[in-house]
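Engineer: Mind having a look at this structure? Questions to follow.
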Amino acid sequence: MTSSGILPDHFAFPAILKAVAALQHLPLANQIHAHVLKYGYGTSFVPVANSLLNVYGKCGDISDVYKVFERIPQSHRDTVSWNSFISALCRFEDWETALEAFRLMLLDDVEPSSFTLVSVAHACSNLPRHHGLRLGKQLHGYSLRMGDIKTFTNNALMAMYSKLGHLNDAKVVFELFEERDLVSWNTMLSSLSQNDMFLEALLLLHRMVLQGLKPDGVTIASVLPACSHLELLEIGKQLHAYALRHDILIDNSFVASALVDMYCNCRKVHSGRRVFDYATEKKTALWNAMITGYAQNEFDEEALMLFIEMEAAAGLCPNATTMASIVPACVRSDAFVHKLGIHGYVLKRGLGTDHYVQNALMDLYSRMGNIQIAKTIFDNMDVRDIVSWNTMITGYVICGQHNNALLLLHEMQRVDQEKNESSYEHEKRIPLKPNSITLMTVLPGCATLAALAKGKEIHAYAIRNMLASDVGVGSALVDMYAKCGCLNTSRKVFDTIPCRNLITWNVIIMAYGMHGKGAEALELFNCMVKEVKPNKVTFIAIFAACSHSGMVREGQNLFHRMKDEYGVEPTADHYACIVDLLGRAGQVEEAYQLINDMPLELDKTGAWSSLLGSCRIHQKVEIGEIAARNLFHLEPDVASHYVLLSNIYSSAQLWDKATDIRKRMKEMGVKKEPGCSWIEFDDEVHKFIAGDASHPQSGQLYGFLEILSEKMRKEGYVPDTSCVLHNVDEEEKETLLCGHSEKLAIVFGILNSPPGTTIRVAKNLRVCNDCHEATKYISRITDREIILRDVRRFHQFRDGRCSCGDYW
């Protein structure tokens, strides 16, 4: 046109500027702008000026947007001018300025259009929730006064309410206008999915189809997350088939990403990979979906290889989502040796301050045992969301620091209550109320510490916040109560869980087994198999229950049926359980023969360890030596193997051999784990070590123990000095027995609690014969119920008797 000598006018320039905006080519925009000025169509021609506002807004130069807008005479600025200016500000995420521009527009008596309201609603949705909601409602009221009932205005209002967390308001808007288009339905579907209302999203899709609307790619991408989270594989497949029939998958990376996520979340990783390979356009989001799918299903090597391919072959730069997914794979993968190197890579990419990546790094260091580095990352985070707190609490649990996990839970609740403190200014907008993940993470800490009071407090919180019916929380509560010695309460919680899964059943069977109630555990197993299919953990739990109850025939019967009847192949752990079952019952030779008959491909470490423990109980020196030799070869650095053999020798008064084993331990640098017992009192866990004198009440404890010992002797108690595995005189052995950690913890409980209160003590090792016998006497003399949990099972002492019947 210009080459022909025909000069462009104010009709041509808006058209050509629209084309430049679509290309998003800033140098070209500058050239056309120069032509506009050259031919005299500057800011006085409003349609041209409006087109310039639009092109600079889309080509990425906000300073030029301001310049063009300011040069338009105030009297010439029309609705399109203001719309273009406000839209550009929104595009550059300058939300407050966009709202200020809207106010100035009203002050200039320029009437907003539906396009104005759409941009302003978008700006409101990106403000802090309270502020955005207040202004958003004002905007909604303004649109009603204007009589603006256009579909795209209502769509924008729905999206705004949803993003600000008021989904019910979005639903009301959706239901109150009839001229709904596909965008309206997609907006509502997306809002429901993003707010975890997955079943409602699927029902709305059904309603949409019944009304004759044809889903598009956005519809499919919005609904697939519902199938993913609810693990509705068949519905997900139907949506996949629909996408294929209507060519929605072609060049639609969003739908492909949602399908990959759905298949991987339903544990159909290979199907997810086929979708990935089929996609013609692989954007970063699709790569991330596949890498995340691999990592979540612990296909760690595949995740790492795809990560390398993404950067090396596809030439794409990993983002924060990529790194948050690949870091957990790096932790677990044995093939990835330089695990700390991934942190360096994160920093090199400039992603070290992204809180999703920081959460993954905290998990990495926790699982490597470097809890202090994890805590440093946590302390230095600018933004801590609920995942950050849960990750740090989980880290403490992984590293065995259960007390710190409970303390951090307290801190989390304190921060939630004191959001006005400046050090937590970013968290004012982030809800920090413990959720189901928090409770599932921290309840095992209560179980380990036997912190019943804290466990009850968490249970009460779960009830108040409608979390107790969650199957994961319910299962954790069943486990917590069982491990705190409250088997009846554990069963009550189990009975109230509305939908029990495999884990719930395994936990309750294990609970009855730990309490020596094998018959009840077997009865539960028979009920379970009518509802869910047992897995390998189920059989470990039921074999342990049979072992603690002396139910040899029943345990062996199940062992022989597990493969043919239940489809579970016996593993090394199952053989170890049966060895323990036989050995505990005194059938040590049969247990030894079973190990010799194990399939060659199975690891025999657990079985030899069980056999060695049985030899310790029944003083089988010769077979004990065979078991120990095998264990020294398989696990030369495990102290318990040396200690058990030394104990076998000491019990048989083979003092020289016992001394040789202890010398060997010292030479190899293998240290015995000291006996440790703990008891909860006054919202605090008190720990005691054998011979401990560090506790503030030590003098009082040992004094009361002497008084108890005198009373016990009068009742017929004779110290079992065979438990002292040192070659010293009898009097010194009796003195050593008084300092055992469980006795100190029991006496602490008696001295610090009202008469008649149940004493609950946990120990990290097997309770010795003398402490077991002594506790029976203590329970009768003090008229107390004493519940003692050792490393294997529970002992419930009452009126001079133990629930184990002296079989443990």
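Engineer: Would you please give the FRET efficiency between Asn297 and Glu622, computed as 1/(1 + (r/R0)^6) with r the Cβ-Cβ distance and R0 = 45 Å, to the nearest 0.05?
Structural biologist: 0.40
Engineer: Follow-up question, since we're still on this one. List the chymotrypsin sites (Phe, Trp or Tyr not before Pro) within segment 646-692 that fall in a DSSP loop (any state other than H, G, I, E or B) and whose Cβ has at most 12 other Cβ atoms within 10 Å.
Structural biologist: When the chymotrypsin sites (Phe, Trp or Tyr not before Pro) of segment 646-692 are filtered for loop state and at most 12 Cβ neighbours within 10 Å, nothing remains.
Engineer: Here is a follow-up. Out of residues 5 or more away from Phe794 or on other chains, whose amide H comes under 5 Å of its own, with H placed 1.01 Å from N in the peptide plane?
Structural biologist: His515, Gly516
Engineer: Under the Karplus relation 6.51 cos²θ - 1.76 cosθ + 1.60, θ = phi - 60°, what is the ordered set of whole-Hz ³J(HN,Hα) values for segment 620-630, x standing for Gly and Pro?
Structural biologist: Residue by residue, segment 620-630 yields 9, 5, 5, 5, x, 5, 5, 4, 5, 4, 5 Hz.
Engineer: A follow-up question, please. Give the accessible area for Tyr592 in Å² (nearest 10); use a 1.4 Å probe, count only protein heavy atoms, and leave out ligands, DNA and RNA.
Structural biologist: Approximately 60 Å² of Tyr592 is accessible to the 1.4 Å probe.
Engineer: Greater than 21 Å separation of Cα atoms is the criterion. Which listed pairs, Lys743/Lys763; Lys456/Lys533; Lys620/Lys666; Lys714/Lys743, meet it?
Structural biologist: Going by Cα-Cα distance, Lys456/Lys533; Lys620/Lys666 fall outside the 21 Å limit.
Engineer: Further question: For a test of the definition: using alpha carbon positions, the gyration tensor, and the 1.5 limit on a/c, classify segment 21-113 as rounded, prolate or oblate.
Structural biologist: oblate
Engineer: Residues in segment 129-146 near a label at Thr79, defined as backbone nitrogen under 16 Å from the 7 Å Cα→Cβ point?
Structural biologist: Of the residues in segment 129-146, 142-146 have backbone N under 16 Å from the label point off Thr79.
Engineer: Could you tell me which of rounded, prolate or oblate describes segment 243-289, using a ≥ b ≥ c as the square roots of the eigenvalues of the alpha-carbon gyration tensor, with rounded for a/c under 1.5 and, failing that, prolate when a/b is larger than b/c and oblate otherwise?
Structural biologist: Oblate, since a/c reaches 1.5 and b/c is not below a/b.
Engineer: Something else: Hey, rough spin-label estimate for Thr376 and Tyr142, points 7 angstrom out along Cα→Cβ, what's it come to in nanometres?
Structural biologist: A separation of 5.0 nm, rounded to one decimal place.
Engineer: Also, quick follow-up: Can you tell me the FRET efficiency between Phe152 and Asn465 if r is taken as the Cβ-Cβ distance and R0 is 35 Å, rounded to the nearest 0.05?
Structural biologist: 0.35
Engineer: Leaving out ligands, DNA and RNA but keeping every protein chain, what accessible area does His206 have, in Å² rounded to the nearest 10, with a 1.4 Å probe?
Structural biologist: The accessible area of His206 comes to roughly 110 Å².
Engineer: On a straight-distance basis, which lysines could pair with Lys339 in a cross-link, Cα separation under 23 angstrom, same-chain partners fewer than 8 positions away excluded?
Structural biologist: Hits, sequence-local ones excluded: Lys348, Lys375.
Engineer: For the full complex of protein chains and a 1.4 angstrom probe, list Ile787, Ile437 by accessible area with the highest value first.
Structural biologist: Ile437, Ile787
Engineer: A follow-up question, please. Using only the heavy atoms of the protein chains and a 1.4 Å probe, how would Glu589, Glu635 rank by accessible area, largest first?
Structural biologist: Ranked list, largest accessible area first: Glu589, Glu635.
Engineer: Alpha carbon centre of segment 1-47 versus segment 218-239: separation in Å?
Structural biologist: If we compute the Cα centre of each part, the gap is 47 Å.
Engineer: Could I ask something else about it? Phe11 accessible area, nearest 10 Å², 1.4 Å probe?
Structural biologist: Approximately 150 Å² of Phe11 is accessible to the 1.4 Å probe.
Engineer: Taking a temperature of 25 °C and a viscosity of 0.890 mPa s, what whole-number D in µm²/s does Stokes-Einstein yield for segment 616-726 with Rh from Kirkwood over alpha carbon pairs?
Structural biologist: 147 µm²/s
Engineer: Continuing with the same structure: Hey, which lysines would be in cross-link range of Lys214, C-alpha to C-alpha under 18 Å, not counting anything within fewer than 8 residues on its own chain?
Structural biologist: Candidates past the 8-residue exclusion: Lys237.
Engineer: Let's test the formula: R0 of 45 Å, r as the Cβ-Cβ distance of Leu199 and Ala453. What FRET efficiency results, to the nearest 0.05?
Structural biologist: 0.75
Engineer: Asp603 to Arg664: extension gain in nm, 0.36 nm per residue of separation minus the Cα-Cα distance?
Structural biologist: 19.4 nm
Engineer: How many Å² of accessible area per residue for segment 453-543, probe 1.4 Å?
Structural biologist: About 42 Å² of surface per residue is accessible.
Engineer: Helix-only mean residue ellipticity at 222 nm, the chain, DSSP H runs n ≥ 4 weighted -39,500 (n - 2.57), per residue, nearest 500. What is it?
Structural biologist: My calculation for the chain gives -21000 deg cm²/dmol from helical runs alone.
Engineer: Could I ask something else about it? Give me the net charge for the shell around Gly136: Cβ to Cβ below 13 angstrom, other residues only, Lys and Arg +1, Asp and Glu -1.
Structural biologist: +3
Engineer: Which percent of the accessible area of the chain is formed by carbon and sulfur heavy atoms (probe 1.4 angstrom)?
Structural biologist: Exposed carbon and sulfur together represent 53 percent of the surface.
Engineer: Oh, and also: In terms of solvent-accessible area of protein heavy atoms at a 1.4 angstrom probe, what is the ranking of Arg789, Arg91, highest value first?
Structural biologist: Descending order: Arg91, Arg789.
Engineer: Provide the packing ranking of 595-601, 605-611, 74-80, i.e. peptides ordered by the mean count of other C-beta atoms within 10 Å per residue, highest first.
Structural biologist: 605-611, 74-80, 595-601
Engineer: Tabulate in residue order the Karplus-calculated ³J(HN,Hα) for segment 436-445, using 6.51 cos²θ - 1.76 cosθ + 1.60 with θ = phi - 60°, rounded to whole Hz; enter x for Gly and Pro.
Structural biologist: 4, 5, 4, 5, 5, 6, 8, 4, x, x
Engineer: Right, another one. How much accessible area per residue does segment 676-802 have, counting only protein heavy atoms and a probe of 1.4 Å, in square angstrom?
Structural biologist: On a per-residue basis, 46 Å².
Engineer: Mind checking the full-extension length gain between His246 and Asp495? Use 0.36 nm per residue of separation minus the Cα-Cα distance, one decimal, nm.
Structural biologist: Residue separation times 0.36 nm, minus the Cα-Cα distance, leaves 84.8 nm.
Engineer: Please enumerate, by chain and number, the aspartates and glutamates with C-alpha under 20 Å from the C-alpha of Lys67, excluding those fewer than 8 residues away in the same chain.
Structural biologist: Asp78, Glu93, Asp94, Glu96, Glu100, Asp108
Engineer: Next up: Using θ = phi - 60° and the Karplus form 6.51 cos²θ - 1.76 cosθ + 1.60, what ³J(HN,Hα) does each residue of segment 603-611 get, whole Hz, x for Gly and Pro?
Structural biologist: 6, 9, 4, x, 5, 4, 5, 4, 5
Engineer: Using a cut-off of under 16 Å, list every residue of segment 465-498 whose amide N is near the label point 7 Å from the Cα of Lys433 along the Cα-to-beta-carbon line.
Structural biologist: So the set is 465-470.
The values are calculated or read from the model by the stated rules, or taken from the named source; none is laboratory data. In this text the structure is predicted, and so the values were computed from the model without any measurement. Glycine also receives a Cβ, built like all others from the backbone with ideal geometry; neighbour counts cover every protein chain displayed. Note: accessible area is taken over every heavy atom of the protein model, side chains too, but ligands, DNA and RNA are not part of it. Shrake-Rupley method; radii C 1.70, N 1.55, O 1.52, S 1.80 Å.
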